[in-house]
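Below: one structure, written as structure tokens.
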Amino acid sequence: MSRFWQNNLICIDLETTGANPLKDRITEIGIVELLPNGSSREWHSLINPETPIPPFISRLTGISNEMVQEAPLFSDIADELLTILKDKVFIAHNVRFDYAFLKQEFLKCGIYFKENTLCTVRLSRQLYPHHFKHNLDSIIERLGIDITDRHRALNDAKVVAYFLTHVKENFSEELLTQAIQKVTKKPSLPPGVDEYEIDSLPDSPGVYLFYGENDLPIYIGKSINLRERVLSHFNSDHKHHKELRLSQQIKRIEHHNTVGELGALLLEAKLIKELNPIHNHRLRRQQQLCSWQWNTVHDKNILEIKNTDEINFSQSDNYFGVFQTRKKALDTLRAIADAHGLCLAVLGIDKHVKGKACFRAQINKCHGACCGKEDMVHHDLKVQMALERIRLQNWKWANAIVIKESNHSYSDFHLIDQWAYFGTYSSYQDALEANSSRREVIFDYDVYKILIKFIFKSSEIIVLPNTNSIHHQTEDYLDESVIDE
């Protein structure tokens, strides 16, 4: 018999007030312990979460605030529960969820909880690859399990126990052992990283920070699944030299949860610029930025270079590209002019004698708008069409806005004005108050690029009331010019 089946196997299920182990609490614990001799024993308790149970959670589980009012606190049963779980194999359907909640509850009691785990979702995928769904309802249907009071902890734990017993009886020991070894394989961690830091990572969006010597951040990243992304850095199967060098320098891992992907992207950009980690080459602090503006001067349409601290997106939509230097802006414009036969003299860039062909026309790079060979209206139309692909979006709202980003339990409110990010708040009122106290609009091209991808497909945009006049100032960073994208 495989060594796995010689352990006491804890099949466990929790009911909670929500999906976030850092904010939500446990309301019920159910355990079925499978013993090596084939017998089993059960343990169950409601838990007072010390916080109201949301109505939709009560409707799902059938556990009301009244039911848990007189139930023990987690701290009351922590020692008893630890005795049951200690030195056992911790098994659950989507084990990261249950394990993360218990770790957090034990931590609140000053207890560091760590046991070997097995996820029956992953085991089901290994053993039943031809099935599309592997949630608990699918397992119940697939195996024909008779169950009442679904979403109650002990009953769901019984389903997990039934599934384990079923696969033990219906698969060869060799196949089952291989599947269990595959789903319980642990990543190779950097020598300086504590396993607890990995165990505490949630399967949810957020930002992670790798710290090196002297407790300085060396890399910052983001993901919609923090645990999966961080572990991918340590996957020896596809580790490059850069990843190997990074992992050898890591001494500590820190993470910050966000409600969704937009919050993670904005927080990552903010932290990289504030902390300047050595392994982040994108989003790093750079020099003053500039952009082309299409203006009419003395009845002529010309292009002018503007520093981004001069940009006002609410008053003009004639800005094109953002560049690290004026030289890069000129190089980009010359490349565009060469591709479309534009006249840089007419655009106010090159000097020439009025009515005569410019130098570029003499070498056939200009179609002759400078000397009457090309109609000026046609030339201006070509300029507009050529620049369109690098046009910056203007700010179409009258004031600052809040983008509301939600998951099934929580919402974040991102405060934005003229493509500048002013922070994320847990309520609309907090964002409103923050907006009333700020004074500067700080243009950040990286934030602009993030927002452009999200803002026009977001249906939860709230336009805020008018505030005092706002001064404009640019943030001086960019990693690459538009022509390089």
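What to note about this one:
- Within the stretch 171-228, the residues that satisfy the criterion of being in contact with a Gly (Cβ under 6 Å, 6 or more places away or on another chain) and closer than 27 Å to N407 by Cβ are P205, Y208, L226.
- Selection of the stretch 129-161 for residues being touching a helix residue (DSSP H, G or I) at 6+ places or on another chain (Cβ under 7 Å) and closer than 19 Å to N8 by Cα yields D156, V159, V160.
- Sole residue being free of Cβ contacts under 8 Å to residues at least 24 places away in the same chain, assigned to a strand (DSSP E or B) and loosely packed, with under 13 Cβ neighbours inside 10 Å, chosen from R59, R41: R41
- Residue in the stretch 99-106 that is buried (at least 20 other Cβ atoms within 10 Å of the Cβ), within 19 Å of K168 (Cβ to Cβ) and under 26 Å from the mean Cα position of the chain (by Cα) present: no
- Within the set E405, E374, E388, the sole residue that is of a type in the set (D, E) and out of contact with any Phe, Trp or Tyr (no Cβ under 9 Å at 6 or more places or on another chain) turns out to be E374.
- Criterion: under 38 Å from the mean Cα position of the chain (by Cα), over 25 Å from V441 (Cα atoms) and not aliphatic (A, V, I, L, M) - qualifying residue of D331, D309: D331
- Residue in the stretch 132-140 that is more than 25 Å from K168 (Cβ to Cβ) and either among the charged types (D, E, K, R) or outside the structural domain of S204 (by TED's automatic domain parsing) (or both) present: no
- The stretch 169-186 residues that are in the same structural domain as L127 (by TED's automatic domain parsing) and in contact (Cβ under 8 Å) with a residue 24 or more places away in the chain, paired with ones that are surrounded by fewer than 16 Cβ atoms within 10 Å (Cβ to Cβ) and assigned to a loop (DSSP other than H, G, I, E, B) (beta carbon under 7 Å, 6 or more apart): E173/S2; T177/S2
- Check on S316, touching a strand residue (DSSP E or B) at 6+ places or on another chain (Cβ under 8 Å), in a loop (DSSP other than H, G, I, E, B) and small (G, A, S): yes
- Test: residue in the stretch 282-304 that is assigned to a strand (DSSP E or B), more than 32 Å from the chain's Cα centre (by Cα) and either under 28 Å from Y196 (Cβ atoms) or at pLDDT below 80 (or both): yes
- Within the stretch 4-23, the presence of a residue that is aliphatic (A, V, I, L, M), without any contact (Cβ under 8 Å) to a residue 40 or more places away in the chain and exposed (fewer than 14 other Cβ atoms within 10 Å of the Cβ) is excluded.
- Among the residues making up the stretch 211-259, those that are assigned to a loop (DSSP other than H, G, I, E, B), among the hydrophobic types (A, V, I, L, M, F, W, C) and at pLDDT 90 or above are I224, V259.
- Residue within the stretch 351-358 that is closer than 30 Å to K396 by Cβ and among the β-branched types (V, I, T) present: no
Listed here are the residues, each with its yes/no results for (1) within 21 Å of C109 (Cβ to Cβ); (2) touching a Cys at 6+ places or on another chain (Cβ under 7 Å).
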| residue | (1), (2) |
| --- | --- |
| E42 | no, no |
| L46 | yes, no |
| P49 | yes, no |
| P55 | no, no |
| S58 | no, no |
| I63 | no, no |
| E66 | no, no |
| A71 | yes, no |
| A78 | yes, yes |
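The values are calculated or read from the model by the stated rules, or taken from the named source; none is laboratory data. This structure is a prediction, so every number in the text was calculated from the model and none was measured. Please note: Cβ atoms are built from the backbone with ideal geometry, for glycine as well, and neighbour counts cover all protein chains shown.
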